Amino acid sequence: MRNLVLSVIGDDRPGLVSALADAVAGNGGNWERSQLTQLAGKFAGIVVVAVPAEREDALVAAVTGLDGLLEVAVHSGGGGASQDDDWAAMTIELLGTDRAGIVHELSTALSRSGVTIEKMTTGTRDAPMAGGTLFEATIEVRVPPSAELAEIRADLERIAAELLVDLEFDTE
């Protein structure tokens with residue numbers, strides 16, 4: 001079995017997931033994992049499928065042939081950096097007034113420490129009392145054993161103070 005990573009995007013409308021699932025299943029593929037969402041009128045996501053090696057070309061042709069519905073890019077799975085069990089898991093919750101640069105500042109600090117982002121969800125919403133817009137994020141990261149959690153937290157808290165956002169940390 002080969003793992004393929006499909007990145008998909010298209011104008012949001014009913015039937016997109018069904019069309020993609022039909023193309024995968026109809027060509028011997030198994031839908032294993034996905035992250036799919038609607039953003040600004042577009043439907044976008046990432047799907048990991050497993051397919052027998054002899055059916056790979058047919059599956060790729062089927063999913064990339066969904067023109068008019070979805071644009072699909074296909075990538076070979078695997079090859080990512082491996083993290084042993086000794087990498088610490090940490091979740092970072094952020095909430096504050098929306099402004100440009102929040103993701104840049106935090107991701108730069110995490111990268112500098114060798115931390116890898118496993119999952120990040122961001123969004124904006126209206127501030128209930130003061131007006132304006134709030135930015136919120138949930139970032140799930142893995143911290144290498146060579147990094148000091150206390151130093152990473154201190155660095156992120158310094159940045160949060162500069163950006164005027166609140167951070168909460170949960171470590172496993």
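Taking each residue as 0.36 nm, the span from K42 to M129 lengthens on full extension beyond its C-alpha to C-alpha distance by 28.3 nm.
Across segment 28-41, coupling constants 3J(HN,Hα) worked out from phi with the 6.51/-1.76/1.60 Karplus curve, θ = phi - 60°, read x, x, 10, 6, 9, 9, 7, 10, 10, 7, 9, 9, 6, x Hz, and Gly and Pro carry x.
How far is helix 149-163 tilted, in degrees, relative to the longest principal axis of the Cα atoms in the chain, given as a value from 0 to 90 rounded to the nearest 10? The two axes meet at around 80 degrees. Counting Cα-Cα pairs of the chain in 10 Å increments starting at 0 gives whole-percent bin shares of 9, 29, 26, 25, 11, 1. Only alpha carbons enter this Debye calculation for segment 119-172, each as an equal point scatterer, and the log10 of I(q)/I(0) it gives at q = 0.26, 0.31 Å⁻¹ is -1.19, -1.31. For the pair D67 and E54, label points projected 7 Å from Cα toward Cβ lie 3.0 nm apart. The HN-Hα couplings worked out from phi for segment 109-117 by the Karplus form 6.51 cos²θ - 1.76 cosθ + 1.60 (θ = phi - 60°) are 5, 5, 4, 4, 8, x, 6, 10, 8 Hz, whole numbers, x standing for Gly and Pro.
Any read-out appearing in this document is the output of simple, stated calculations on the displayed coordinates, not a laboratory observation. Note that the structure is a prediction, hence the values are computed from the model and not measured. Here Cβ is always computed from backbone atoms with ideal geometry, including for glycine, and neighbour counts include all displayed protein chains.
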